[in-house]
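The values are calculated or read from the model by the stated rules, or taken from the named source; none is laboratory data. Not measured: the values here are computed from a predicted model. With ideal geometry, Cβ positions are generated from the backbone for all residues, glycine too; neighbour counts draw on all protein chains shown. Remember, those area values only see protein heavy atoms, side chains included, never the ligands or the DNA or RNA. Shrake-Rupley method; radii C 1.70, N 1.55, O 1.52, S 1.80 Å.
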Amino acid sequence: MEIYKADVLLSFIIPVYNVEMYLQECVDSILLQMTEECEIILVDDGSTDSSGKLCRQYAEKNRHIQIIQKENGGLSSARNAGLSIARGKYISFVDSDDKIFPCCIKEILQWIKFQGTDICFLRTVKIYPDGTQKDLGEGIIRSQLSSQNKEKAIRHLASRPKYPGSAWAKLFRREFLINNELHFPYDRRYSEDLGFIRDCILCARDFDALDVPYYQYRQNRQGSITNKVTSKNFYDLLQFITESTEKLTTNKKNNDTISKFVMCFVAYEYSVLLYLYNHIPKEDKKAALAKLKEFKWTLRYASNRKGNIIALVCRSFGVRFTSFLLNQYRKASEA
């Protein structure tokens, strides 16, 4: 098979594992609009359904598609494998059960050709099974990132309603990732994106955002790991919080101004941890509660209205009651 040798501006890395129902929709959403300046890397992570066969069929029919077939190693391992062979000036990670909006690649390629920063944030819309669409709600404002110095840009990100901690819906300069040895953890944890994005933000020199509808994030997919809450979810997220406090603070005080802003992301994820506590098995709650109490101090870095309310309730009534209220709030918001 002929390997496409021209310059590549944008590489789409798609980890694939047992998604035969969704893979074609995902890949076609890219193929139908991509140009000679793009490539797709399909990483078959040991699929046991027909996903691997579909990957091979795509690679045989299109010279712009490469395929990696490997033993199952998890999402992080698959993304790292794709990154190791990517040739694009920029990288976009796309999960194989999601898809991208029509007509967005043209605008992205124009941005790459004439602008370009280490990280660029793109818009995400959540897609529900009944067809309902809802903005992800990160609230990133381009003017607060583009041409701003690093401290001001990270301050803006820290002030947003939630931590933009997912690898998808962002563009990464490949040279930036390689030079800073940025990759996903190999320990098969959930919440694998969080530390990667934290380190990318810490290392990046400049940021931008495009107000382009880009990523369609599928909600409530049957079999998706994001629909299940286990003790592993809790402790893997706790691992991110532990690692972040070790990296960013000394004796519970931020190491510098940028560390202070990045700790806002940790405070946000601690509030997620409070919610998860409601859903872990009863036999694990005692140990989990002790860990929640140990890291309750991270809430002092909360930087938006909702985070400040959670911090106030937690100081006043304790972690268990706050966890209960968050669970009730989530139920009410989903009703």
request  = Considering each of 294, 269, 334 in turn, give the residue that is among the charged types (D, E, K, R), open to solvent by less than 20 Å² (accessible area, probe 1.4 Å) and on the phi < 0 side of the Ramachandran plot.
outcome  = 269
ask   = Condition test on residue 106, is it under 22 Å from the mean Cα position of the chain (by Cα), more than 19 Å from residue 177 (Cβ to Cβ) and not in a loop (DSSP other than H, G, I, E, B)?
value = no
query = Do you know which of the residues in segment 47-63 that are over 19 Å from residue 13 (Cβ atoms) and among the basic types (Lys, Arg) is surrounded by the most Cβ atoms within 10 Å (Cβ to Cβ)?
reply = 53
remark   = Within segment 125-177, of all residues that are hydroxyl-bearing (Ser, Thr, Tyr) and free of Cβ contacts under 8 Å to residues at least 60 places away in the same chain, the one least open to solvent (accessible area, probe 1.4 Å) is 166
Residue list for segment 11-28, filter: crowded, with 21+ Cβ neighbours inside 10 Å and under 20 Å from residue 213 (Cβ atoms) = 12, 14, 26, 27
ask   = Does residue 147 satisfy the criteria of being of a type in the set (Ser, Thr, Tyr) and closer than 29 Å to residue 300 by Cα?
value = no
task = Identify the single condition in (1) surrounded by 15 or more Cβ atoms within 10 Å (Cβ to Cβ); (2) within 29 Å of residue 190 (Cα to Cα); (3) among the charged types (D, E, K, R); (4) in contact with a helix residue (DSSP H, G or I) (Cβ under 9 Å, 6 or more places away or on another chain) that residue 37 does not satisfy, given that it satisfies every other one.
result = (2)
